[in-house]
Ligand code: NAD
Ligand code: UDP
Ligand code: UDP
């Protein structure tokens, strides 16, 4: 009997590293929705297969357990590089591995993109701006990062990954897209990873004290995950010569204390605020200048924090107390 290939060779096969995590799992849903085949590569350090359970019967989805700091030989048409622990407690747990994930991971994924001559996206971060002296932060700002502090493994790892992306672009002509992601929240955030939105919601739902670090006067600008993904997809669809980096985030700034008060009110919680020491090198303020994203991607976020929090609280209500 003749051998008939079973794959659909006209379909795009897309690699998502870090796909078992918060952002990666939402990205995979969007890529499958648009008809792609998706290969998810993740070492499950901070991600979980539970984020992908709903894809168990999806024939266009494959999962591979693998650490991106080691070489990876697969055949794909597009690469989204998101693998990296993103919350301070996780990236500081094994800081050397964090730097390896960003730097060796970038080299391996860029080597893969070079061999396949395919487009590659990098999930960079607003942390490349460090504790910014310029506010809001445009992409042209070079940042204020402590190279030897406890956050440096993440910040400098991501900065070096950006360097590698731009050097592979200049030296080897690679088709790169670099997004600088600002604080993002939504369903499937890891309840135990210590990020402020998940911490406050879980504490409020359990009527436990809300832990404000410092006085709570530091600011962040929170982007809902669906908005962020619209920005990712728009960036990946830009013409070949456009590399970024592009800020993707929400230019609406809140103090951490305002966030705590909003969460308490929305949950209807009896939680009290308690004040704990500010972690070292914690940025005082952060807000993206998104002029470039508006101009090049015709993108801006549309989901207000009030609405995004409702959806996120509904998600956490479904999981708190069940694990
Ligand atoms: P996450 O921790 O939920 O997801 C990261 C995923 O990467 C996890 O599934 C984890 O298991 C995997 N991973 C970690 N190290 C790996 C390795 N060596 N090999 C293979 N897989 C590995 O975090 P997230 O919020 O989804 O973040 C995704 C990406 O976006 C990260 O690169 C992060 O730096 C970036 N980012 C996120 C935010 C945010 O607010 N969520 C902000 C800025 C940048
Ligand atoms: N690499 C990979 N998959 C590939 C091609 C390369 O993981 O399909 C890794 C490999 O570890 C290599 C790195 O990417 O060391 C960088 O590749 P590049 O071709 O830039 O450099 P070289 O092979 O010369 O080190
Ligand atoms: N934060 C806080 N209480 C918490 C967790 C975080 O006050 O329980 C503060 C933290 O010190 C920082 C801000 O909230 O100023 C955002 O923290 P997160 O870890 O979510 O993100 P990042 O610092 O990486 O922006």
Next on the checklist: Please verify whether residue 191 is within 14 Å of ligand 3 (Cβ to nearest atom), at pLDDT below 95 and either under 23 Å from the mean Cα position of the chain (by Cα) or under 30 Å from residue 78 (Cβ atoms) (or both), treating the condition exactly as stated.
Outcome noted: yes
Checklist entry - So which pairs qualify, if the first residue must be in the stretch 137-157 and touching a residue at least 24 places away in the same chain (Cβ under 8 Å) and farther than 14 Å from residue 98 by Cβ, the second must be in a loop (DSSP other than H, G, I, E, B) and more than 16 Å from ligand 3 (Cβ to nearest atom), the Cβ gap must be under 8 Å, and the two must be at least 6 apart or on different chains? => result 137/289; 138/289; 139/244; 139/245; 139/289
Checklist entry - Do we find a residue being in a loop (DSSP other than H, G, I, E, B), at negative phi, crowded, with 21+ Cβ neighbours inside 10 Å and in contact with a strand residue (DSSP E or B) (Cβ under 9 Å, 6 or more places away or on another chain) anywhere in the stretch 116-131? => result no
Checklist entry - Given the conditions (1) more than 16 Å from ligand 2 (Cβ to nearest atom); (2) closer than 28 Å to residue 147 by Cα; (3) touching a strand residue (DSSP E or B) at 6+ places or on another chain (Cβ under 9 Å); (4) not in a strand (DSSP E or B), which single one is not true for residue 227? => result (2)
Checklist outcome for this item: For the stretch 69-100, the count of residues that are touching a residue at least 12 places away in the same chain (Cβ under 8 Å), away from ligand 3 (no atom under 16 Å from the Cβ) and closer than 19 Å to residue 148 by Cβ equals 4
Next on the checklist: Taking the criterion of being away from ligand 1 (no atom under 16 Å from the Cβ), more than 20 Å from residue 230 (Cα to Cα), surrounded by 21 or more Cβ atoms within 10 Å (Cβ to Cβ) and at pLDDT 95 or above, would at least one residue in the stretch 146-160 satisfy it?
Outcome noted: no
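Regarding residue 232, is this residue touching a helix residue (DSSP H, G or I) at 6+ places or on another chain (Cβ under 8 Å), touching a residue at least 24 places away in the same chain (Cβ under 8 Å) and surrounded by 18 or more Cβ atoms within 10 Å (Cβ to Cβ)? Quick ask: steps written out before the conclusion?
Working: touching a helix residue (DSSP H, G or I) at 6+ places or on another chain (Cβ under 8 Å): yes; touching a residue at least 24 places away in the same chain (Cβ under 8 Å): yes; surrounded by 18 or more Cβ atoms within 10 Å (Cβ to Cβ): yes.
So residue 232 fits the description; yes.
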Next on the checklist: Quick test for you: out of 158, 177, pick the one residue that is in a helix (DSSP H, G or I) and either farther than 23 Å from residue 239 by Cβ or touching a strand residue (DSSP E or B) at 6+ places or on another chain (Cβ under 9 Å) (or both).
Outcome noted: 158
Checklist outcome for this item: Per the filter on the stretch 45-92, residues within 13 Å of ligand 1 (Cβ to nearest atom), assigned to a loop (DSSP other than H, G, I, E, B) and surrounded by fewer than 14 Cβ atoms within 10 Å (Cβ to Cβ) are 70, 71
Item to check | Test result for residue 215, surrounded by fewer than 18 Cβ atoms within 10 Å (Cβ to Cβ), over 30 Å from residue 28 (Cα atoms) and in contact (Cβ under 8 Å) with a residue 12 or more places away in the chain | outcome: yes
Checklist entry - Before we move on, is residue 171 within 16 Å of ligand 3 (Cβ to nearest atom), more than 19 Å from residue 47 (Cβ to Cβ) and more than 13 Å from the chain's Cα centre (by Cα)? => result no
Next on the checklist: Taking the conditions exactly as written (near ligand 1 (Cβ under 10 Å from one of its atoms), assigned to a helix (DSSP H, G or I) and either over 18 Å from residue 225 (Cα atoms) or modelled with pLDDT of 95 or more (or both)), does residue 104 satisfy them or not?
Outcome noted: yes
Checklist outcome for this item: Apart from one, (1) surrounded by 15 or more Cβ atoms within 10 Å (Cβ to Cβ); (2) over 19 Å from the mean Cα position of the chain (by Cα) all hold for residue 315; the odd one out is (2)
Next on the checklist: Looking at the stretch 19-44 only, could you name the residues that are part of a loop (DSSP other than H, G, I, E, B) and either over 17 Å from residue 236 (Cα atoms) or at pLDDT below 95 (or both)?
Outcome noted: 20, 21, 43, 44
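The values are calculated or read from the model by the stated rules, or taken from the named source; none is laboratory data. Since this is a predicted model, take the numbers as computed values, not measurements. Note: ideal-geometry Cβ built from the backbone for every residue, glycine included; neighbour counts use all protein chains shown.
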